[in-house]
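**Student:** My questions will all concern the structure given below.
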Amino acid sequence: MPYATNSDLPAPIRRVLPHHAQDIYRAAFNSAYEHYGADHESTAHRVAWAAVKRHYVHVASGVWLPRS
């Protein structure tokens, strides 16, 4: 199911990712969901996480920081 807004994202994602990273996750998920279809929702989540990781790094303190 595509996400219309960041508030529609699963709670764990909203809890750990900064707002801009949530935007990236949502856009990538929605695009992958449209491309691969509902039968491949797990693939869409993997694509979304990969997109976030291209722009953010997860540091030891558990915080996601923008890559420089």
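**Student:** Which pairs have Cβ atoms under 6 Å, sit 6 or more apart or on different chains, and link a residue in the stretch 10-38 that is in contact (Cβ under 8 Å) with a residue 40 or more places away in the chain and under 15 Å from residue 55 (Cα atoms) to one that is surrounded by 16 or more Cβ atoms within 10 Å (Cβ to Cβ) and not aromatic (Phe, Trp, Tyr)?
**Tutor:** Short answer, once both residue conditions are applied: 21/52.
**Student:** Can you tell me which residue in the stretch 1-23 is surrounded by the most Cβ atoms within 10 Å (Cβ to Cβ), limited to those that are part of a loop (DSSP other than H, G, I, E, B) and modelled with pLDDT of 95 or more?
**Tutor:** In this case the residue turns out to be 17.
**Student:** Could you list, in sequence order, all residues of the stretch 13-48 that are closer than 19 Å to residue 65 by Cβ and hydroxyl-bearing (Ser, Thr, Tyr)? Write out each step before concluding.
**Tutor:** Taking the stretch 13-48 and keeping what is closer than 19 Å to residue 65 by Cβ, we get 13-25, 28, 48.
Within the stretch 13-48, just 25 meets the criteria.
**Student:** Here is a further query. Given the options 52, 57, 47, name the one that is without any contact (Cβ under 8 Å) to a residue 40 or more places away in the chain and assigned to a strand (DSSP E or B).
**Tutor:** 57
**Student:** Looking only at the stretch 24-43, which residues are crowded, with 16+ Cβ neighbours inside 10 Å and under 16 Å from residue 6 (Cβ atoms)?
**Tutor:** Within the stretch 24-43, 24, 25, 26, 28, 29, 30, 33 meet the criteria.
The values are calculated or read from the model by the stated rules, or taken from the named source; none is laboratory data. Everything numeric here is computed off the predicted structure, so don't read it as measured data. Using ideal geometry, Cβ is built from the backbone for each residue, glycine included, and neighbour counts are taken over all protein chains shown.
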